[in-house]
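Read through the structure below, which is laid out as structure tokens, and then see the notes.
The values are calculated or read from the model by the stated rules, or taken from the named source; none is laboratory data. Everything numeric in this text was worked out from a predicted model, so none of it was measured. Every residue, glycine as well, gets a Cβ built from its backbone with ideal geometry; the counts of neighbours run over all protein chains shown. Remember, those area values only see protein heavy atoms, side chains included, never the ligands or the DNA or RNA. Shrake-Rupley method; radii C 1.70, N 1.55, O 1.52, S 1.80 Å.
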Amino acid sequence: MLKSMTGFGRATFENEDREISVEIKSVNHRYLDLNIKTPRLYAYLEDMIKKTVQNVIVRGKVDIFVNIKEKEGSDVIISPNFAVVEGYLNAAKAISDRFHIENNSLSIVDILRLPDAVALDREEADAEVISAQVLEVLKNALHEYDAMRQTEGRRLCEDILHRGELIGSYVDFVEKRSPESVEEYRARIAQRMTEILDDVDVAQQKILSEAALFADKVSVTEEIVRLRSHLKQLHAMVSGDAAVGRKLDFLVQELNRESNTIGSKANDYDIAKTVVDLKAEIEKIREQIQNLE
């Protein structure tokens, strides 16, 4: 069964060194749009997270939040970036000299607040451990996230299949009603022509000719065949496991096209009314598949 593009998942991990949490949430999107947010110190994790997520998610706007909180005593190395600090001090002096602003020396606290004035780092071995821990938490969050998408996807697919059955019943009605509308038209023409023409044989010939032209004009046999073929494809796609959201979008366009053609051909109130109901169901399907992967 197909999956929804809307989902949420969260997982956590904790040991004596740190606490890790990963949160995933997504909404529908035409393509896969990943937005990964990690603490600045752990930016190296983004590539690993991206590759892991791409193996699970095909499309959608996905936000992933990774939070890592080191506990007291963890080996975090904080080093001053002297070149950057010197640059800040030189810039402050140049501004003071140029605009005659009193130069009050920057305090240590002011310097520590400046971007890139200090560098945070950790040992390479520790980075490998953290990568493994985050990967495990990420997989757990993805498992919860995927379970929610499957549940929502199942509900959407059941609704789409139900509406496909309704469309099929409308197609059955149009197929049955179409010949009846031709016969009713023939009867109306016969009555009018009999009233106008005295020669019954001539009237019958014109009636048959007029009815034949009308039947050819309003025939919807090809459209009905294509509609039924599209409905079979719809059922097969929705019942499968592959991500076919974009294909379904195209298929719904074709369903709508055939319905419009039937509506334009039909010269019958009952068929026209049924086509309106049919198109309403197609529109509801179109809205539902916008959320399918």
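Work out, step by step, the length gained on full extension between Glu283 and Phe99: first 0.36 nm times the residue separation, then minus their alpha carbon distance; give nm to one decimal.
Numbers: separation 184, 0.36 × 184 = 66.24 nm, distance 6.61 nm.
59.6 nm is the gain from fully extending Glu283 to Phe99.
Suppose R0 equals 30 Å; then what is the FRET efficiency for Glu175 and Arg154 from their Cβ-Cβ distance, rounded to the nearest 0.05?
E between Glu175 and Arg154, to the nearest 0.05, is 0.40.
Quick one: length gained pulling Ala91 to Glu254 fully straight, 0.36 nm per residue minus the C-alpha distance?
Length difference between fully extended and current span is 52.2 nm.
Using only the heavy atoms of the protein chains and a 1.4 Å probe, how would Tyr88, Tyr42 rank by accessible area, largest first?
Tyr88, Tyr42
Could you tell me whether region 237-293 comes out rounded, prolate or oblate from its Cα gyration tensor? Rule is a ≥ b ≥ c as square roots of the eigenvalues, rounded for a/c under 1.5, then prolate if a/b exceeds b/c, otherwise oblate.
Note, shape of region 237-293 comes out prolate.
Between Glu144 and Glu222, what is the label-to-label distance in nm when each label sits 7 Å out along the Cα-to-Cβ direction?
Between Glu144 and Glu222, the label points sit 5.6 nm apart.
Which value in nm describes the separation of the simple spin-label points at Ala272 and Ala127, placed 7 Å from the Cα toward the beta carbon?
The modelled label-to-label distance comes out at 7.2 nm.
Once you've got the Cα coordinates, tell me which of Lys37/Lys69; Lys25/Lys139; Lys3/Lys61; Lys247/Lys273; Lys232/Lys273 are over 19 Å apart.
As for pairs spanning more than 19 Å Cα to Cα, those are Lys247/Lys273; Lys232/Lys273.
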